[in-house]
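Participant: Pasting in a structure now, in structure tokens, and then I'll have a few things to ask.
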Amino acid sequence: RLAGKEVDSGSFYNPEVSYDGKTVYFSHTGSTRHRWSWTPDTTWNIFRLDLPTETEAALLTQLTDSSYNDFDVCELPSGRLVFASERRGGFIRCFTENAGLRVTTSVLHTMKPDGTDIYPLSFFETSEWRPSVDNNGMLLYTRWDYTDRENCLGSTYWTCFPDGRNPRSPHGNYPQPWFTFEDNTHGDHRWGSCPDAPSGLPMTELQFRAIPDSHRLIFTAAPHHGETFGSLCMLDLRLPDDNHMARIRRLTPYFPFPESEAPGRGQYCYGSPWPISEDLYL
């Protein structure tokens, strides 16, 4: 639809560099403001920018073009792309159509680097975001798994094979299930105000990336209600799990976890961490 046109307005999101450094993938929408409207002009679509060389000019190619939001794209070691998309269909369970908030769900999809052969990797009922690839070639992502519990909990670290097989939640999905308490009324201890919890837990864990030459991961501790910013953390799955903070190291300890340790839904300081090493991050 946009072939031959300049893509010089609208909004651009989440650029990702290919493994060989020659290509940048990103999402773009021609609209800067819309509400509950899904058309090709208002949704996010994925583009590929082949960077200029000494002999060739830069080449911009539109890979998806639909009334579904396609975003959070990254390259797999196989050369295929994985991204979050609403193509599978479905809406989150918090609202109904009568409430006027028909919030669509997004799950992991894959396609060839030319935008063909699109199909879902996941059929989960609620949303998944921000896939990346770890140092073993596994997919890392965040899944909003609030089945059979309070709706704000369970947006944490998940992993699966690049083809979507064997999705697992190795950390933080059920820190303290309700049945572990005698009165069966406690929450799962993400809130820092719990009497026997010395601190809160991240309400939402987003933007996971593997740290080069390390088994550790970096991520953003973000609010459930709010933007994808917050306090930065490091996750070490090799440490024993105490159902609380044993595996999590705060990289910005002077900034509390949004919503579970600090009130409000405003903008927070940190987001989109990119690790260079265990001691240096962009």
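Participant: Return yes when ARG87 is within 27 Å of SER132 (Cβ to Cβ), open to solvent by 20 Å² or more (accessible area, probe 1.4 Å) and not in a loop (DSSP other than H, G, I, E, B) and no when it is not.
Facilitator: The answer is no for ARG87.
Participant: Looking at region 66-80, which of its residues are of a type outside the set (A, V, I, L, M), within 25 Å of MET138 (Cα to Cα), outside any strand (DSSP E or B) and open to solvent by less than 70 Å² (accessible area, probe 1.4 Å)?
Facilitator: First, the residues of region 66-80 that are of a type outside the set (A, V, I, L, M): 66-72, 74-75, 77-80.
When the remaining residues are screened for being within 25 Å of MET138 (Cα to Cα), the result is 69-72, 74-75, 77-80.
Checking the rest, the ones that are also outside any strand (DSSP E or B) come to 69, 77-80.
Residues satisfying the conditions are ASN69, GLY79, ARG80.
Participant: Within region 72-87, identify whether any single residue is farther than 19 Å from THR126 by Cα, polar (S, T, N, Q), within 22 Å of the chain's Cα centre (by Cα) and at pLDDT 90 or above, and answer yes or no. So that I can check it myself, show each step before the final result.
Facilitator: Here is the first cut: in region 72-87, the ones farther than 19 Å from THR126 by Cα are 74-81.
Cutting the leftovers down to polar (S, T, N, Q) gives us 78.
Okay, now just the ones that are also within 22 Å of the chain's Cα centre (by Cα), so 78.
Okay, now just the ones that are also at pLDDT 90 or above, so 78.
There is at least one residue in region 72-87 that is farther than 19 Å from THR126 by Cα, polar (S, T, N, Q), within 22 Å of the chain's Cα centre (by Cα) and at pLDDT 90 or above.
Participant: Listed residues LEU63, LEU49; which is surrounded by 13 or more Cβ atoms within 10 Å (Cβ to Cβ), under 22 Å from GLY10 (Cβ atoms) and in contact with a Gly (Cβ under 7 Å, 6 or more places away or on another chain)?
Facilitator: Answer to the selection: LEU63.
Participant: So which residues in region 237-282 are of a type in the set (Gly, Ala, Ser), assigned to a loop (DSSP other than H, G, I, E, B) and either out of contact with any Lys or Arg (no Cβ under 7 Å at 6 or more places or on another chain) or surrounded by fewer than 11 Cβ atoms within 10 Å (Cβ to Cβ) (or both)?
Facilitator: Across region 237-282, the qualifying residues are ALA246, GLY264, GLY266, GLY271, SER272, SER277.
Participant: Could you check how many residues of region 218-233 are open to solvent by 10 Å² or more (accessible area, probe 1.4 Å) and within 21 Å of ASP145 (Cα to Cα)?
Facilitator: Count: 6.
Participant: Being in a strand (DSSP E or B) and modelled with pLDDT under 90 is the filter here; which residues of region 97-143 pass it?
Facilitator: Selection gives THR104 alone.
Participant: Go through region 34-43 and give me each residue that's in contact with a His (Cβ under 9 Å, 6 or more places away or on another chain) and open to solvent by less than 60 Å² (accessible area, probe 1.4 Å).
Facilitator: The answer is THR42, THR43.
Participant: Hey, among the residues in region 214-266 that are small (Gly, Ala, Ser) and free of Cβ contacts under 8 Å to residues at least 40 places away in the same chain, which one's farthest from ASN173 (Cα to Cα)?
Facilitator: GLY264
Participant: Anything in region 1-33 that is open to solvent by 80 Å² or more (accessible area, probe 1.4 Å), without any contact (Cβ under 8 Å) to a residue 40 or more places away in the chain and not aliphatic (A, V, I, L, M)? List them, or say none.
Facilitator: GLY4, LYS5, GLU6, ASP8, PHE12, PRO15, ASP20, LYS22, THR32, ARG33
Participant: Small (Gly, Ala, Ser) and either modelled with pLDDT of 95 or more or outside any loop (DSSP other than H, G, I, E, B) (or both): which single residue out of SER31, SER37, SER27 fits that description?
Facilitator: SER27
The values are calculated or read from the model by the stated rules, or taken from the named source; none is laboratory data. The shown structure was predicted, so the numbers you read here are calculated from the model rather than taken from an experiment. With ideal geometry, Cβ positions are generated from the backbone for all residues, glycine too; neighbour counts draw on all protein chains shown. Only protein heavy atoms, including side chains, enter the accessible area calculation; ligands, DNA and RNA are left aside. Shrake-Rupley method; radii C 1.70, N 1.55, O 1.52, S 1.80 Å.
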